[in-house]
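Here's the structure, in structure tokens; my notes come after.
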Amino acid sequence: MSSPAVQIRSRVAAIGEAAVTRSRLNVVPRVRSKAPRVPFVFLVSMILLTGVVGLLLFNTSMQQAAFTANRLEAQAATMAAHEESLKMELDDLRDPQRVALAAQRMGMVIPAAPAFLKLDGEIVGTPVPATRENGMRLAPRPKALPPELRPEVTVVQVPAEAGAAQTTP
């Protein structure tokens with residue numbers, strides 16, 4: 001029997017020779033396989049077309065949203081202006097001077113010297129019935145014109161005989 005070292009060496013040599021014979025490169029004839037280009041071109045075209053259509057639809061929806069936003073902003077501005085005009089009209093209607101003038105037109109009179117009642121029942125002042133003659137004036141008197149706007153009045157006296165002579169035919 002041979003020694004174990006010789007057996008291992010012979011096995012290694014046999015394995016090495018087998019590996020060398022297997023590792024030799026052989027020339028393989030080149031096989032040209034043409035991949036079908038039509039499906040690939042169709043796929044790329046469809047992806048590109050889908051992207052363009054999607055972008056177009058997105059842009060259209062953004063433009064519609066912008067138009068809607070502009071229309072709503074204009075409507076809000078119009079409504080704000082209308083609200084402001086209504087507030088001004090309400091302030092005019094609540095004006096105390098206007099209310100007092102309307103009351104005076106209905107026949108109400110502001111007393112010149114009013115009397116007041118306290119919560120404990122005491123009367124402060126002398127109660128006097130209000131009449132149109134002794135009532136307070138609501139509207140201020142018209143202001144006098146300045147002297148520049150008041151021309152001098154020239155009165156011309158026509159003798160009675162001259163006037164009668166002209167009127168007789």
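Here are a few things to note about the model shown:
- Any hit, the range 135-148, residues being touching a residue at least 40 places away in the same chain (Cβ under 8 Å) and in a loop (DSSP other than H, G, I, E, B): yes
- Tally, over the range 82-108, of residues that are part of a helix (DSSP H, G or I), at pLDDT 90 or above and not acidic (Asp, Glu): 7
- Output for the range 80-98, where each listed residue is of a type in the set (Lys, Arg) and closer than 15 Å to residue 137 by Cα: 98
Every residue, every condition in (1) surrounded by 10 or more Cβ atoms within 10 Å (Cβ to Cβ); (2) of a type in the set (Val, Ile, Thr); (3) under 30 Å from residue 138 (Cα atoms), yes or no:
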site	(1), (2), (3)
7	yes, no, no
12	yes, yes, no
18	yes, no, no
44	yes, yes, no
48	yes, no, no
51	yes, no, no
78	yes, yes, no
100	yes, no, yes
113	yes, no, yes
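- Looking across the range 115-152 at every residue that is aliphatic (A, V, I, L, M) and modelled with pLDDT under 85, the one that is surrounded by the most Cβ atoms within 10 Å (Cβ to Cβ) is identified as 130.
The values are calculated or read from the model by the stated rules, or taken from the named source; none is laboratory data. Since the model is a prediction, treat every value here as computed from it, not as a measurement. Here the Cβ is made from the backbone with ideal geometry for all residues, glycine too, and neighbour counts use every protein chain on show.
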